[in-house]
Amino acid sequence: MKKFIEYLMSPPVTGPSSILFLRLMAGGVFFWEGLLKFAYPNQGVGRFTKLGFPFPDVLANFIGTAEIIGGLLILFGLLTRIVVLFFIGEMIVAILSTKISLYLGTSPLPLPPAPPKVGFWAVLHEIRSDYAQTLTCLFLFIEGAGRLSLDAFLKRKARAGAHYRTEATAVMKKTG
């Protein structure tokens, strides 16, 4: 468990600057989807009620808040591995709670407006956003937030501080 926590807390930060584009996509989508849960009841409490989740008002508000805060953290590249791990779990729950019933034709949510409305092809069509978000989060979990992130900035700052402390200690030993 200790190694896993160390893994979460020390992400790689040498990835290409282009990782920023993936963070903008994933973080942006989570951010505005979180806002939508508060702006439109059918996207928040209404959706969670239809899906049969317990305490739909509390859960919708929690998920909406987590998506807003987590989306911003991804956009800035801060605590990236921790945030995307949460979002991978959230996306798995979202897929299981909405796509199985769509496949079976028993979804409590409105069916897609155009064919295919149920079954395998409907699921493949409707899952595209969930799939993209999940794989992008998995990529960020493995590769980190990249060079243009607060994770990278903080790691560089910590290294510089450690180097400074090492140099200062060496000077003190020579003079002391």
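The values are calculated or read from the model by the stated rules, or taken from the named source; none is laboratory data. Predicted model, so just to flag it, every value in this text is computed and none were measured. Positions of Cβ are backbone-derived with ideal geometry, glycine not excepted, and every protein chain shown enters the neighbour counts. Keep in mind that these areas ignore ligands, DNA and RNA; they rest on the heavy atoms of the full protein, side chains included. Shrake-Rupley method; radii C 1.70, N 1.55, O 1.52, S 1.80 Å.
What value, in deg cm²/dmol to 500, does the helix sum -39500 (n - 2.57) over DSSP H runs of n ≥ 4 give at 222 nm once divided by the residues of the chain? Computed ellipticity for the chain at 222 nm equals -24500 deg cm²/dmol.
Binning all Cα-Cα separations of the range 17-58 at 5 Å, short to long from zero, yields these whole-percent fractions: 6, 23, 19, 17, 13, 10, 8, 4, 1. Charge dipole (Cα centre; +1 on Lys/Arg Cβ, -1 on Asp/Glu Cβ; no other charges) of the range 87-153 amounts to roughly 220 debye.
Cross-link partners of Lys155 among aspartates and glutamates, defined as those whose alpha carbon lies under 18 angstrom from its own and excluding same-chain residues fewer than eight positions apart: Glu6, Glu143.
Divide, for the range 1-102, the radius of gyration over alpha carbons by 2.2 N^0.38 Å, where N is the residue count. If you can, show how the numbers build up before the last one.
Details: Rg = 15.2 Å, N = 102, 2.2 N^0.38 = 12.8 Å.
Dividing the Cα Rg of the range 1-102 by 2.2 N^0.38 Å gives 1.19.
Which parts of the range 28-45 would a label at Leu154 reach, counting a residue when its backbone N lies under 16 Å from a point 7 Å out along Cα-to-Cβ? Hits in the range 28-45 for Leu154 at 16 Å: none.
For the chain, the Cα-based Rg and Dmax, in that order, read 21.1, 81 Å.
Quick one: with all protein chains in place, what share of the accessible area of the chain is carbon or sulfur, to the nearest percent (1.4 Å probe)? Display every interim value, and only then the final one.
Working: 7880 of 10870 Å².
That fraction is 72 percent.
Across the protein chains, with a 1.4 Å probe defining accessible surface, the residues Val13, Val93 rank Val93, Val13 from largest area downward.
Using 0.36 nm times the number of residues separating Phe4 and Ile100, minus their current alpha carbon distance, what extension gain do you get? Each step should come with its number before you reach the end.
Numbers: separation 96, 0.36 × 96 = 34.56 nm, distance 3.17 nm.
Separation in residues times 0.36 nm, less the Cα-Cα distance, equals 31.4 nm.
In the range 49-99, Rg over Rh equals 1.02, where Rg is the alpha-carbon radius of gyration and Rh the Kirkwood radius from pairwise Cα distances. Rounded to the nearest 0.05, the FRET efficiency derived from the C-beta distance between Thr49 and Leu24 at R0 = 30 Å is 0.40.
Would you count, across the range 1-120, every pair of lysines whose alpha carbons are under 29 angstrom apart, provided the pair is eight or more residues apart or spans two chains? Please report the intermediate quantities before stating the final value.
Numbers: Lys37/Lys50; Lys37/Lys99; Lys37/Lys117; Lys50/Lys99; Lys50/Lys117; Lys99/Lys117.
So the count of such lysine pairs works out to 6.
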